[in-house]
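Worksheet for the structure shown next.
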Amino acid sequence: MYKVYGDYRSGNCYKIKLTLHLLDEAYEWIPVDIVKGETKSPAFLQKNPNGKIPVLELEDGSTLWESNAILNFLADGSDLLPSEPRLRTQVLQWQFFEQYSHEPNIAVARFIQLYQGLPEARRAEYEATHVEGYKALRVMEQQLERTPYLVGDRYSIADIALYAYTHVAHEGGFDLSGFPAIRRWIDRVASHPRHVGMLD
Ligand SMILES: N[C@@H](CCC(=O)N[C@@H](CS)C(=O)NCC(=O)O)C(=O)O
């Protein structure tokens, strides 16, 4: 059985949980408290030398880290990851976009607001994440006006990667009322019969 080292409130960790549920895979969840510095212990650094969650541990004790890489491992051969090279590359395209243009803004704003209570010392950074975060949301909105999912008409791990922090973007102060296609997509993703919520 897989072991997942994670924090339920983390979108990066939620990506793994949601994928495992959609694939009906059994797993053990091992809570890791980043605020207490548990990702920096020598034992944890053996699992991920970069000191971050999520980490997926396989039955033989080997580990995989970086959330979107783990999604590609778990979804390989399933309906959540197309095998056709152009579609598969589009999945990766959205996942790289998530890590470079979306998560560093939307997840960071959420961290500053939800975990840290919006301290004055981080206010300028928080506002900068809003400028860049709204740009990322506009890119998603344009795609979702054209297609029901990020890669055409099929739910894939591209949607999981971007759903994780988009559906809780309001917790970072983002207002999605001007993004109707994103809001419809959030409902579409959540209506999957095997869907599980972040805190379920
Ligand atoms: N690019 C990484 C980011 C992982 C990440 O930033 N994890 C956060 C929690 S969401 C963490 O472990 N932070 C603790 C730290 O950096 O010390 C991924 O997608 O897995």
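The values are calculated or read from the model by the stated rules, or taken from the named source; none is laboratory data. All values reported here derive from a predicted model rather than from experimental measurement. So basically every Cβ, Gly included, is an ideal-geometry build from the backbone, and we count neighbours across all protein chains shown. Quick note on the areas: whole protein, heavy atoms, side chains included, nothing else; ligands and nucleic acids left out. Shrake-Rupley method; radii C 1.70, N 1.55, O 1.52, S 1.80 Å.
Only one of (1) more than 24 Å from L81 (Cα to Cα); (2) open to solvent by 10 Å² or more (accessible area, probe 1.4 Å); (3) small (G, A, S); (4) under 17 Å from the mean Cα position of the chain (by Cα) is not met by A169, so which one is it?
Of the numbered conditions (1) more than 24 Å from L81 (Cα to Cα); (2) open to solvent by 10 Å² or more (accessible area, probe 1.4 Å); (3) small (G, A, S); (4) under 17 Å from the mean Cα position of the chain (by Cα), the odd one out for A169 is (2).
Does segment 33-42 include one or more residues that are without any contact (Cβ under 8 Å) to a residue 60 or more places away in the chain, open to solvent by less than 30 Å² (accessible area, probe 1.4 Å) and under 18 Å from the mean Cα position of the chain (by Cα)?
Looking for residues that are without any contact (Cβ under 8 Å) to a residue 60 or more places away in the chain, open to solvent by less than 30 Å² (accessible area, probe 1.4 Å) and under 18 Å from the mean Cα position of the chain (by Cα), one finds none in segment 33-42, hence no.
If you go through segment 26-42 one residue at a time, how many are of a type in the set (A, V, I, L, M) and more than 12 Å from Y5 (Cα to Cα)?
Of the residues in segment 26-42, 2 are of a type in the set (A, V, I, L, M) and more than 12 Å from Y5 (Cα to Cα).
Only one of N72, N50 is under 21 Å from Y155 (Cβ atoms) and open to solvent by 20 Å² or more (accessible area, probe 1.4 Å). Can you tell me which?
Just one listed residue meets the conditions, N72.
Just to be sure before I move on: is R188 surrounded by fewer than 22 Cβ atoms within 10 Å (Cβ to Cβ) and more than 17 Å from the chain's Cα centre (by Cα) in the structure I sent?
no
Starting from residues that are open to solvent by 10 Å² or more (accessible area, probe 1.4 Å) and assigned to a helix (DSSP H, G or I), keep the ones in segment 111-120 and report whichever is modelled with the lowest pLDDT.
Looking at the filtered set, the residue picked out is Y115.
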